[in-house]
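K.L.:
Quick one: the structure is below, questions incoming.
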Amino acid sequence: MVTGFNNFQPPPPVPPSPRKIKVATWNVNSIRARLPNVLDWLKEAQPDVVLLQELKCVDEAFPRLEIEELGYNVATHGQKTYNGVAILAKSALEDVEPRLPGGDDDEQARYIEATVFGKLRVTSIYLPNGNPLRTEKFTYKLAWMDRLYAHIKRGLADGEMRIYGGDFNVIPKDSDVFDPRAFRDDALLQPESRARFRALLHLGLTDAFRAFNALPHQYSYWDYQAGAWQKDHGLLIDFLLLSAKAADTLTNAGIDKGPRGKEKASDHTPVWCEVTV
DNA sequence: ATGCCAGGTAACACCTGA
């Protein structure tokens, strides 16, 4: 409506415009051995949130300063020699929770979650490998997956934006491995492991990569041995699983194979997605 | 059937990984 000269009102403060952010997961196989590769990739790929696994060091030994220098806040849950997970974010990290409930005597550092960008709950998961079969390692894997299922089911009840990312150590389908026969007796391919992974998806989670890429034989891990990388003998075992509210904003996802081809590479490569917060 | 390769720890061999 046209009004007089003196009716001008300043526009209301511009609401913080929706921000598209890149979230990635990467099993680095020792953060100290991988630090140059990780720093190079952070500068190049510019992710806003990074879920790391297999730090292989205690919290005090994590190269916090070098990563903070690139503009990230850091939350770690490490332990000596094995496992260890972290969250990096170009926002505050709120309500950091370093444990998966239900394992009172579980000393393995395989889980950390935090809220980033004030509204997105992210989790870095290093799911147990479970090999060899018919040992307590496999039963531990399945029990851990049962704990994860219960925790995610509770978490999804509030309908908020959540991303559960990490190394799930499950090959969901035969076409997610170069040769399923070679893994017939491997914990990653067992029906019990696969059923539990499917059950997570059936809670209503969206596999970010698979929302954009249905091709078979797309991998996130290649063994160091037997020229697996050169022959593209890989596995798809790293995932970003999004709650419905997060998936509603999902605009892209992919696997960044660049880091796997570098000198001193991790055996895993980053999986990423873009969401809006 | 086993080692292959890589990292960590500890000690110059062994464990774990997937």
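K.L.:
Please figure out what share of the DSSP beta bridges in chain A is antiparallel and state it in percent, rounded to the nearest 5.
P.N.:
Values: 40 of 52 bridges.
Antiparallel: roughly 75 percent of the beta bridges in chain A.
K.L.:
Can you divide the C-alpha Rg of the range A:19-276 by 2.2 N^0.38 Å and report the result to two decimal places?
P.N.:
Against the compact-globule rule of thumb, the ratio is 0.93.
K.L.:
For A:C57, enumerate residues with amide H under 5 Å from its amide H, sequence gap 5+ or separate chain, H modeled in the peptide plane.
P.N.:
Amide H neighbours of A:C57: A:Q79, A:T81.
K.L.:
Then there is this: Whose amide H sits under 5 Å from the amide H of A:T249, counting only residues 5 or more places off or on another chain, with H placed in the peptide plane?
P.N.:
A:T276
K.L.:
³J(HN,Hα) across the range A:37-54 via Karplus (A = 6.51, B = -1.76, C = 1.60, θ = phi - 60°), whole Hz, x for Gly/Pro?
P.N.:
Calculated HN-Hα couplings, in order: 5, 5, 4, 4, 5, 4, 5, 7, 8, 6, x, 8, 9, 10, 9, 10, 9, 6 Hz.
K.L.:
I've got another one for you. Along Cα→Cβ, 7 Å out, is where each label goes; now give me the distance between the ones at A:R147 and A:D185 in nm to one decimal.
P.N.:
2.9
K.L.:
Same structure again: Mind ordering A:34-40, A:237-243 by average Cβ neighbours within 10 Å, highest first?
P.N.:
A:237-243, A:34-40
K.L.:
Checking the cross-link filter: which lysines have an alpha carbon closer than 20 Å to that of A:K43, excluding same-chain neighbours under 8 positions apart?
P.N.:
A:K20, A:K22, A:K90, A:K257, A:K262, A:K264
Since every read-out is calculated from the coordinates, none of them should be taken as a lab result. Note that this is a predicted model, so its numbers are computed, not measured. Methodologically, a virtual Cβ is constructed for each residue, glycine included, from the backbone with ideal geometry; neighbour enumeration extends over all protein chains shown.
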